[in-house]
Amino acid sequence: MNTSTHPTITFIGGGNMASAIVGGLLRQGHLVNALQIVEPWDEQRVKLGQQFPGVAVLAAAGPELRPSDLVVWAVKPQTFKEAATSSQPHLSGALHLSVAAGITSESMANWLQTQRIVRAMPNTPALVGLGMTGLFARAGASEADRALVETVVKTTGELVWVASEEQLDAVTAISGSGPAYVFYFLEAMRDAGARMGLPPEVALQLAVGTFVGASTLAQRSEDPPQTLRERVTSKGGTTYAALTSMEAAGVKAKFEEALFAAQKRAEELGREFGN
């Protein structure tokens, strides 16, 4: 592996997640000529060229690719196999990091002919440097490989390693899909606030600020969420009325069912597109 502080990193796919990582690397001083992106869509290639001047943006993986220390797979699960098998001859010797949902490291090892594979499940707050990423390393990935992955992923926010690959499906259900759940509740709080007479933009500001504040409090506190919830729930008060209504409607149980549905779908993606 390149021992310099600026390893050559190739991104296969140039969508939002790849852009978030490239942007994070550049903000931390990574050399533009040590980054290259393969993006087949003409319009997106133009956009990437404007967004990241000096970074090589190619239509396909070929002999013109510089030797890579790390390849980041930021493609959709349904296109991964085709992209991997067509690109593999030009990516020998690299460590591979996948951010594609569901696709197993075993499938990637077969397609890419290497055991140096790390799977990641990031989420969209990575776009603003506040992402949460779950990581799993295949046995063929060394400690140095893991350290390189951490350096790259930390440009987008926080990370956690999981002990087994199956746990990544749970990571997908909780944090990978999680931002959508937050946005869903923000929509409900905005709409309810508007029905109560607040301007929608004011209701949304209140809701977003509340999520940010409560999440920060949970992050910094040593107390579990249950204790934090109980401290703002006086029996017979307004919070008690709201939570009692949600419990009666089975909101918590239904929400847990939704998380299991997301986990199941992550498992299905691996079976559907991993052969």
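Over the residues of the chain, the helix contribution to mean residue ellipticity at 222 nm works out to -15500 deg cm²/dmol, using -39500 (n - 2.57) for each DSSP H run of at least 4. Across the chain, C-alpha contacts under 8 Å between residues 6 or more apart give a mean separation that, scaled by the residue count, equals a relative contact order of 16 percent. Of the trypsin sites (Lys or Arg not before Pro) found in the stretch 194-257, those in coil by DSSP whose Cβ has at most 13 other Cβ atoms within 10 Å are LYS235.
Positive contributions from Lys and Arg (+1) and negative ones from Asp and Glu (-1), summed over other residues with Cβ under 13 Å from the Cβ of VAL171, come out at -4. A Förster radius of 45 Å, combined with the Cβ-Cβ distance separating GLN78 from ASP191, puts the computed FRET efficiency at roughly 0.85. Amide H contacts of THR133: GLU158, LEU159, VAL160, each under 5 Å away and 5 or more positions distant or on a separate chain (H built 1.01 Å from N in the peptide plane; Pro and chain starts excluded). Here the chain is scanned for GluC sites (Glu not before Pro) in DSSP loops (not H, G, I, E, B) that have at most 16 other Cβ atoms within 10 Å, and the longest stretch holding none of them is 65-164. Applying 0.36 nm per residue to the separation of TRP41 and ALA242 and subtracting their alpha-carbon distance, the gain on full extension is 67.6 nm.
The string of couplings for the stretch 205-219 from the Karplus curve (6.51, -1.76, 1.60, θ = phi - 60°) is 4, 4, 5, 4, x, 5, 5, 4, x, 5, 5, 5, 4, 4, 5 Hz, one whole number per residue in order, with x for Gly and Pro. Rounded to the nearest whole Hz, the Karplus-based 3J(HN,Hα) values (6.51 cos²θ - 1.76 cosθ + 1.60, θ = phi - 60°) of the stretch 114-120 follow the sequence 7, 9, 7, 9, 10, 9, 10, with x at glycine and proline. Around the amide H of ILE37, modelled in the peptide plane, lie the amide H atoms of PHE11, ALA56, VAL57, LEU58, all under 5 Å away and 5 or more residues distant in sequence or on another chain. Each Lys or Arg adds one and each Asp or Glu subtracts one; over the other residues with Cβ under 12 Å from the Cβ of VAL99, this totals +2. Other residues lying with their Cβ under 12 Å from the Cβ of GLY14 contribute a combined charge of -1, Lys and Arg counting +1, Asp and Glu -1. With 28 Å as the limit, the listed pairs LYS76/LYS154; LYS47/LYS81; LYS76/LYS264; LYS47/LYS154; LYS81/LYS254 have LYS81/LYS254 beyond it between alpha carbons.
Throughout, read-outs are computed from the coordinates displayed, never taken from laboratory work. These figures come from a predicted structure and were not determined experimentally. All Cβ positions, even for glycine, are placed from backbone atoms using ideal geometry, and neighbour counts span all protein chains on display.
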